[in-house]
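*Asks:* Can you keep this structure in mind? I'll have questions shortly.
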Amino acid sequence: MSEIPAKATESEDPSDGARSEVAGDTEADVTRGATGGTGLESAGGPGGVAGVLRGDAMWQSSPPGSIYDYIKVASFSIGPDGLVDQWSVRAEQLFGIPADRAVGMDPIEAFIDADRREVGQRKMAEILDGREWTGVVPFRVPESADREAGEEGLAEVYVMPTQTAEGERAAVCIVVDVRTLRRIETDLAASQSIFGQSPFGFLLIDPDLRVRRANHRFASLFGGTPDDHRGKGVGDYLPRPEAERVAATLRRVLETGESITDMHVTGFLPGSDERRHWSVNLYRVRSGSGRPIGIAWLATDITARRAAAREAAAARRNLALLNEAGARIGNSLDLETTARELLDVVVPGFCDLATVDLYQGLLAGDETPPGLADGSAELRRVAFASAVSDTPFISSGPPASVGAVHHFPFNSPCADALRTARPLFIPAEEGGLVQSTLAVPMVAHDTVVGLAQFARTKGSEPFGDRDRDLAVELAARAAVCIDNARLYRREHERALILQRSLLPPGDPVASGLDIACRYLPGNSSSDRPSEVGGDWFDVIELPGHRTALVVGDVMGRGLRAAVAMGELRSAVRTLALLDLEPAEVLSALDEIARGLGAPGGVQQATRAARRPREADLSEVYLATCVYAVYDSVTRRCTFANAGHLPPVLVEPGEAALMLDVPPGMPLGVGGEPFEEVEVELPEGALLALYTDGLVESRDHPLDEGLQAFVGALTDPAQPLEDVCDHVLNTLDSHHGEDDIALLMARVQGLPEDSVGDWTLPREPRSVGRAREYARTRLLAWDLEPLVDTTELLVSELVTNALRYGEGEIRLRLLLDRTLVCEVWDSGLVQPRRRRARDTDEGGRGLQLVGLLSAAWGSRRTPRGKTVWFELPLPDGETGLADPAEALLSLF
């Protein structure tokens with residue numbers, strides 16, 4: 001049996017770092033021969049070749065990561081006869097021939113092609129003569145279970161002469177697959193190129209967390225050559241807290257083998273104070289045998305990427321703030337609410353503290369308050385918000401609480417910002433809470449309306465140019481909304497003044513009626529802002545102790561509706577004084593409403609309506625109205641309705657009911673006549689007229705509101721003021737979005753003994769009888785001071801009825817708050833007052849009536865006309881005119 005000489009196998013270089021160990025799992029390979037001898041094959045390289053001590057085997061393995069972990073070296077021996085006498089397990093793996101077949105084979109015949117066998121035989125003879133040989137030999141792999149016959153290989157062979165125990169010459173062959181060597185060379189070259197030419201920082205860190213190798217990119221950043229970094233630790237490159245965190249991560253990767261991807265590391269480059277950021281990938285490196293030999297560190301500088309990400313995040317945050325501001329600012333037309341909406345957006349998303357100050361003069365309605373141009377005008381703090389403290393911060397001047405009126409010192413940064421209409425950075429005060437403040441003027445339509453201040457406390461990032469631009473945009477949006485709210489408030493107040501000036505002051509007084517009324521503007525606490533509406537009511541005293549009750553509603557809101565309401569109300573009063581019937585009044589109002597939106601009046605509106613293309617050019621004013629005339633003598637009430645809600649009547653002891661009054665078309669539509677309904681009202685009955693704001697809302701349908709209103713009128717005997725309050729309190733959930741007009745009237749007819757009514761034949765003696773009737777009734781009423789004047793005026797009216805009228809004559813005296821005298825006849829010719837000449841014998845009767853009475857007039861009736869006059873009672877405030885002086889004044 002051949003044996004490797006001990007001197008060839010036991011050499012060991014202590015400097016190569018080999019570690020000795022006695023192990024049974026060595027990678028050495030025992031050869032097997034025909035004689036049963038034992039050869040030795042090392043899986044290690046120089047310094048790792050196993051030595052054999054007779055009778056005792058001691059194995060020495062190579063260090064982890066040795067090249068021999070990758071190169072599988074095979075061996076076999078050749079006996080003196082040139083045949084294989086020992087065949088290793090590695091040889092079996094390389095050539096694919098088991099030992100029992102290989103032993104005894106001629107290697108030249110088995111592996112060398114026929115055309116090269118002659119050369120092979122010569123080489124074999126030289127080897128057996130004691131010559132060493134090294135070379136590359138192509139060989140033919142014999143057929144086997146996993147290889148095809150004739151497959152060619154290339155082996156690098158090292159043949160060493162030896163001797164058998166008998167002294168015969170033999171040889172030991174060491175064989176390496178050339179293709180494996182070339183693959184390893186290629187892998188090493190590629191690894192070297194990747195490591196050395198990588199544009200990223202590349203480190204190989206050993207198990208002691210020291211740098212074993214660094215590439216040129218890493219060295220170019222941290223200085224020196226790659227070799228200068230050998231043996232350094234992470235603490236040589238990173239601040240202590242960061243180095244400890246990274247070292248712990250390296251240990252975890254080494255122990256668990258779990259890779260780390262995109263670990264962010266922060267540090268500084270040598271000679272620079274700029275903070276740098278790296279993205280690091282870590283993975284454990286293993287030898288060919290699978291044993292961990294270190295950690296690979298691949299780092300990418302992401303400082304610019306982080307800065308770009310911060311820029312993008314800031315831009316997204318700013319866009320989100322602007323989007324939120326557009327959604328939340330300006331939802332209300334209230335100044336204070338709009339200012340608070342701005343602060344709700346910026347605190348704490350943009351700043352920690354914020355205030356809004358508006359010019360006091362602009363809030364009061366002044367167009368150009370003093371000091372507006374130089375920034376010294378008084379301001380009122382309307383809003384303040386804080387994410388860290390409830391104490392307002394001091395920017396310049398003394399602190400101001402919400403609602404306080406103040407002004408900034410002339411030389412302060414805030415006053416400068418107001419003067420120049422430009423934002424300013426205000427330096428922080430030493431020892432204060434605030435580290436950065438922005439003073440941003442609020443500009444709307446080239447007018448500075450106030451100042452917004454934004455502050456960040458210590459610990460937050462100071463304001464930058466991007467923050468300033470964002471603050472200007474936010475302040476501008478809020479300023480436009482605040483200015484709109486200011487203009488709306490001014491117009492709203494003016495419209496309210498106009499509207500309320502057109503409504504009756506206090507509770508009106510009427511003959512035969514106890515009246516109470518309520519007018520409530522739309523509630524500003526509802527979802528939509530409060531606006532002036534077109535609701536109105538009126539109580540108009542008519543001749544003969546009659547009263548006109550009016551309730552109307554112009555469709556729409558705002559100043560336009562209030563102006564239209566004023567015009568219609570004035571028209572109603574004018575038409576009422578003409579003593580027209582209710583249906584005639586509404587017909588005339590309809591014509592007026594149609595002419596409100598046309599520059600040329602009713603005729604222009606009618607012509608435009610005939611030309612559809614031009615009809616849209618004029619505004620359309622629509623209104624609803626109910627007009628009722630109550631006669632206190634007969635207790636009859638005549639209704640006419642133009643698209644309005646029906647009146648509600650409550651009779652004593654009965655449930656409330658809605659009167660069946662035909663609604664008709666709204667005013668402004670035109671073309672349809674209005675109907676009249678006459679109802680006799682019992683003594684003590686309660687009549688209610690109202691607008692739709694009382695019974696209708698978006699959350700409650702009209703029918704539900706009407707039923708609630710009818711149900712609230714349960715006790716008409718209560719004082720009217722209490723009834724009104726009860727109705728409004730009961731229907732609180734049904735109103736608030738629109739104006740409310742409520743007119744309540746309790747019927748109190750004239751007593752029979754307060755009425756004198758006589759019918760006179762058409763003859764001259766009726767004049768004297770009329771005077772006698774009047775004298776007798778006045779004396780019975782204890783009105784003797786009025787006897788002479790009443791006799792004179794009754795005589796004039798009856799005389800005119802005899803002279804110019806027709807049919808029977810009717811005389812009626814009515815006593816209430818005044819004395820009214822009426823003379824009826826069947827003639828249709830209305831009396832006309834004229835000025836008589838000095839030479840005329842007549843024509844002064846109506847002049848005398850006008851001089852002696854408080855009021856006089858005439859009106860048409862269904863069967864003729866009525867001429868009337870009115871006298872104040874003796875205890876009234878108006879004194880009586882002397883008849884003699886009145887007669888003399890006519891000449």
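The values are calculated or read from the model by the stated rules, or taken from the named source; none is laboratory data. Just so we're clear, the structure is a prediction, and the values are computed from it rather than from any experiment. Note: ideal-geometry Cβ built from the backbone for every residue, glycine included; neighbour counts use all protein chains shown.
*Asks:* Hey, any hits in region 44-62 for a residue that's modelled with pLDDT of 50 or more and either buried (at least 17 other Cβ atoms within 10 Å of the Cβ) or not polar (S, T, N, Q) (or both)?
*Replies:* Among the residues of region 44-62, at least one is modelled with pLDDT of 50 or more and either buried (at least 17 other Cβ atoms within 10 Å of the Cβ) or not polar (S, T, N, Q) (or both), which makes the answer yes.
*Asks:* Just give me the residues in region 277-298 being under 15 Å from SER191 (Cβ atoms) and among the aliphatic types (A, V, I, L, M), in sequence order.
*Replies:* Correct list: VAL285, ILE293, ALA296, LEU298.
*Asks:* Do we have any residue at all in region 263-280 that's modelled with pLDDT of 85 or more, among the β-branched types (Val, Ile, Thr) and in a helix (DSSP H, G or I)?
*Replies:* No: region 263-280 contains no residue that is modelled with pLDDT of 85 or more, among the β-branched types (Val, Ile, Thr) and in a helix (DSSP H, G or I).
*Asks:* Among the candidates TYR630, TYR621, single out the residue that is on the phi < 0 side of the Ramachandran plot and over 51 Å from the mean Cα position of the chain (by Cα).
*Replies:* After ruling out the rest, the residue left standing is TYR630.
*Asks:* Count, please, the residues in region 798-813 that happen to be touching a helix residue (DSSP H, G or I) at 6+ places or on another chain (Cβ under 7 Å), under 17 Å from SER853 (Cβ atoms) and buried (at least 18 other Cβ atoms within 10 Å of the Cβ).
*Replies:* 4
*Asks:* Is one or more of the residues making up region 443-455 free of Cβ contacts under 8 Å to residues at least 60 places away in the same chain and among the aromatic types (Phe, Trp, Tyr)?
*Replies:* Looking for residues that are free of Cβ contacts under 8 Å to residues at least 60 places away in the same chain and among the aromatic types (Phe, Trp, Tyr), one finds none in region 443-455, hence no.
*Asks:* Being over 15 Å from the mean Cα position of the chain (by Cα) and surrounded by 19 or more Cβ atoms within 10 Å (Cβ to Cβ) is the filter here; which residues of region 340-359 pass it?
*Replies:* Scanning region 340-359 gives PHE350, CYS351, ASP352, LEU353, ALA354, THR355, VAL356, ASP357, LEU358, TYR359.
*Asks:* Say we look at region 176-191 and pick out the residues that are surrounded by 11 or more Cβ atoms within 10 Å (Cβ to Cβ) and free of Cβ contacts under 8 Å to residues at least 12 places away in the same chain; which of these is farthest from SER287 (Cα to Cα)?
*Replies:* ARG182
*Asks:* Do you know which residues across region 232-250 are in contact with a strand residue (DSSP E or B) (Cβ under 7 Å, 6 or more places away or on another chain) and assigned to a helix (DSSP H, G or I)?
*Replies:* Hits for region 232-250 are GLU242, VAL246, THR249, LEU250.
*Asks:* Restrict the check to region 295-307 and report whether at least one residue is aliphatic (A, V, I, L, M), closer than 20 Å to TYR70 by Cβ and surrounded by 14 or more Cβ atoms within 10 Å (Cβ to Cβ).
*Replies:* Checking region 295-307: at least one residue is aliphatic (A, V, I, L, M), closer than 20 Å to TYR70 by Cβ and surrounded by 14 or more Cβ atoms within 10 Å (Cβ to Cβ).
*Asks:* I've got another one for you. Say whether the condition of being loosely packed, with under 12 Cβ neighbours inside 10 Å and among the polar types (S, T, N, Q) is met by at least one residue in region 275-294.
*Replies:* no
*Asks:* If I filter region 686-698 for residues that are within 45 Å of the chain's Cα centre (by Cα), closer than 16 Å to LEU586 by Cβ, at pLDDT 90 or above and not acidic (Asp, Glu), do I get at least one hit?
*Replies:* yes
*Asks:* Could you say whether any residue in region 747-769 is in the same structural domain as ASP816 (by TED's automatic domain parsing), in contact with a strand residue (DSSP E or B) (Cβ under 9 Å, 6 or more places away or on another chain) and either of a type in the set (Phe, Trp, Tyr) or within 23 Å of ALA562 (Cα to Cα) (or both)?
*Replies:* Yes, region 747-769 has at least one match.
*Asks:* Moving to a separate point now. Identify all residues within region 775-805 that are farther than 23 Å from SER858 by Cβ, part of a helix (DSSP H, G or I) and in contact with a Pro (Cβ under 8 Å, 6 or more places away or on another chain); write none if there are none.
*Replies:* PRO785, ASP788, listed by residue number.
*Asks:* Name the residue that is modelled with the lowest pLDDT, counting only residues in region 325-358 that are hydroxyl-bearing (Ser, Thr, Tyr) and outside any strand (DSSP E or B).
*Replies:* My answer is SER332.
*Asks:* Being farther than 23 Å from ASP579 by Cβ and either not assigned by TED's automatic domain parsing to the domain that holds GLU581 or not aromatic (Phe, Trp, Tyr) (or both) is the requirement here; does VAL679 meet it?
*Replies:* No: the conditions fail for VAL679.
*Asks:* Taking region 247-270 as the region of interest, how many residues are surrounded by fewer than 12 Cβ atoms within 10 Å (Cβ to Cβ), under 21 Å from ALA307 (Cα atoms) and not charged (D, E, K, R)?
*Replies:* 3
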